[in-house]
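Peer 1: Here you go, one structure.
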Amino acid sequence: MKILITGARGQLGRDCQAVLSPKHEIIATDLPEFDASDANQVRDHIAAVRPNVILNCAAFTRVDDCETQSALAFRVNAEVPRLLAAGARVLGAHLVQISTDYVFDGARPVPQAYAENDAPHPLSVYGSSKLAGEKAVSASGARCAILRTAWLYGRHGGNFPKTMLRLALAQPEQIRRVISEQYGSPTWSWRLAEQVRAVIEAGAVGVFHATAAGHTSWFGFASAFLAAMQVPHQLAPCGIADYPTPARRPVNSILKNVRLPAAGVNVMRPWEADLAEFVARYRSELLEEARAALSQPKRTETAS
């Protein structure tokens with residue numbers, strides 16, 4: 001199949017390229033060469049490429065920035081999916097849209113999980129914009145699959161475990177406080193890319209939850225990762241109130257993957273197993289990257 005990937009340089013986009021390319025023809029697009037929020041550019045590009053599948057990994061994911069840049073958030077997270085869905089409908093292509101746990105408010109008691117048919121209720125601009133994207137795709141008339149994921153980490157780009165690794169290497173004796181009152185399922189971007197492949201190859205449609213099985217807190221995630229990396233560290237649990245942020249985040253981000261197993265396409269595994277495989281595969285590279293980042297001179301702000 002010919003697969004057009006938007007947001008191809010991101011964490012998930014890069015893994016999707018690697019996972020899909022052995023069997024499929026990949027057309028990878030991203031800013032600045034391709035602006036998916038430009039209706040004319042989207043229409044012309046889709047018409048020229050004529051893909052069988054459009055995989056949208058493009059998103060404005062800086063959750064706190066979305067609060068002050070709501071117009072940009074809705075343009076990227078809602079308007080772009082609408083434009084891509086319109087193009088997919090014209091061609092009869094299969095659209096795969098990546099969404100998020102932030103469409104839920106997280107008020108449900110832990111460890112109760114959110115299933116695909118639970119009513120969304122976002123707390124933030126980010127969550128609202130992603131939900132608007134879901135609705136636009138669903139209303140488009142295109143053949144579409146919406147995959148909600150959460151707590152994504154991987155080899156490429158910036159993410160939570162990489163940040164914790166840099167902090168631990170920089171000052172292993174310093175106690176780092178990590179939130180223990182938010183819960184979710186750490187999900188490896190490579191495994192999610194394999195799940196995307198399974199959905200594409202099955203031609204599955206509908207809304208699916210696609211996170212690793214099981215759950216933990218941010219504190220539990222950081223502790224497990226740094227222990228697996230065999231890096232000296234000092235962590236202490238703390239509450240949400242210790243780290244106030246502009247955007248409200250769900251306390252409970254645990255998603256239950258009901259529809260993937262029902263459709264016979266589930267490839268997601270327990271988060272602990274995936275984290276162990278991630279570390280086994282990339283430990284040396286992660287350490288090298290973190291140490292290189294720490295060796296760079298710190299940038300200083302200058303008045304202009």
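Peer 1: Across the range 248-273, which residue is surrounded by the most Cβ atoms within 10 Å (Cβ to Cβ) among those that are of a type in the set (Gly, Ala, Ser) and at negative phi? Show your work before the answer.
Peer 2: Step one: list which residues in the range 248-273 are of a type in the set (Gly, Ala, Ser), which gives 253, 262-264, 273.
Restricting the remaining residues to those that are at negative phi gives 253, 262-263, 273.
Working: Ser253: 22, Ala262: 12, Ala263: 16, Ala273: 14.
So the residue we want is Ser253.
Peer 1: State all residues of the range 126-155 that are aliphatic (A, V, I, L, M) and not in a strand (DSSP E or B); if no residue qualifies, say none.
Peer 2: Leu131, Ala132, Ala136, Val137, Ala139, Ala142, Ala150
Peer 1: Taking Pro22 as meeting all but one of (1) more than 26 Å from Ser129 (Cα to Cα); (2) touching a strand residue (DSSP E or B) at 6+ places or on another chain (Cβ under 7 Å); (3) of a type outside the set (D, E, K, R), write down the number of the exception.
Peer 2: So the condition that Pro22 fails would be (2).
Peer 1: Here is a further query. Does Gln234 fit the bill of being of a type outside the set (Gly, Ala, Ser) and at positive phi? Before the answer, list the steps.
Peer 2: Values: of a type outside the set (Gly, Ala, Ser): yes; at positive phi: no.
Considered against the rule, which asks whether it is of a type outside the set (Gly, Ala, Ser) and at positive phi, Gln234 comes out as no.
Peer 1: Next up: Which condition does Ile98 not pass, out of (1) touching a helix residue (DSSP H, G or I) at 6+ places or on another chain (Cβ under 7 Å); (2) at pLDDT below 95; (3) of a type outside the set (Ser, Thr, Tyr), if it passes all the others?
Peer 2: The one condition Ile98 does not meet is (2).
Peer 1: Six or more apart or on different chains, Cβ under 6 Å: which pairs go from a residue in the range 28-54 that's without any contact (Cβ under 8 Å) to a residue 24 or more places away in the chain to one that's part of a helix (DSSP H, G or I)? Could you list them?
Peer 2: Qualifying pairs under 6 Å: Ala28/Gln17; Asp35/Gln41.
Peer 1: Right, here's the next one. In the set Ala241, Ala276, which member is among the aliphatic types (A, V, I, L, M), surrounded by fewer than 16 Cβ atoms within 10 Å (Cβ to Cβ) and at pLDDT 95 or above?
Peer 2: Numbers: Ala241 fails: at pLDDT 95 or above.
Result: Ala276 is the single residue among Ala241, Ala276 that is among the aliphatic types (A, V, I, L, M), surrounded by fewer than 16 Cβ atoms within 10 Å (Cβ to Cβ) and at pLDDT 95 or above.
Peer 1: Further, regarding this structure: Can you tell me which residue within the range 149-166, out of those that are within 23 Å of Lys256 (Cα to Cα) and hydroxyl-bearing (Ser, Thr, Tyr), is surrounded by the fewest Cβ atoms within 10 Å (Cβ to Cβ)?
Peer 2: Tyr153
Peer 1: From the residues in the range 87-119 that are among the aromatic types (Phe, Trp, Tyr) and outside any loop (DSSP other than H, G, I, E, B), which one is nearest to Thr216 (Cα to Cα)? Step through it out loud before you land on a result.
Peer 2: So the first thing to find is which residues in the range 87-119 are among the aromatic types (Phe, Trp, Tyr), and the list is 102, 104, 114.
Filter once more, so that each one left must be outside any loop (DSSP other than H, G, I, E, B): 102, 114.
Working: Tyr102: 17, Tyr114: 15 Å.
The residue in question is Tyr114.
Peer 1: The conditions are (1) under 20 Å from Ala193 (Cβ atoms); (2) modelled with pLDDT of 95 or more; (3) under 17 Å from the mean Cα position of the chain (by Cα), and Asp64 fails exactly one of them. Which is it?
Peer 2: All conditions are met except number (1).
Each row is one residue, and each column tells you yes or no for (1) surrounded by 18 or more Cβ atoms within 10 Å (Cβ to Cβ); (2) among the basic types (Lys, Arg).
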{"position": "Leu72", "(1), (2)": "no, no"}
{"position": "Arg75", "(1), (2)": "no, yes"}
{"position": "Leu83", "(1), (2)": "yes, no"}
{"position": "Ala88", "(1), (2)": "yes, no"}
{"position": "Gly92", "(1), (2)": "no, no"}
{"position": "Val103", "(1), (2)": "yes, no"}
{"position": "Ala115", "(1), (2)": "no, no"}
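The values are calculated or read from the model by the stated rules, or taken from the named source; none is laboratory data. Treat the numbers as computed from the prediction; the structure is a model and nothing was measured. Glycine gets a Cβ as well: all are built from the backbone with ideal geometry, and neighbour counts include every protein chain shown.
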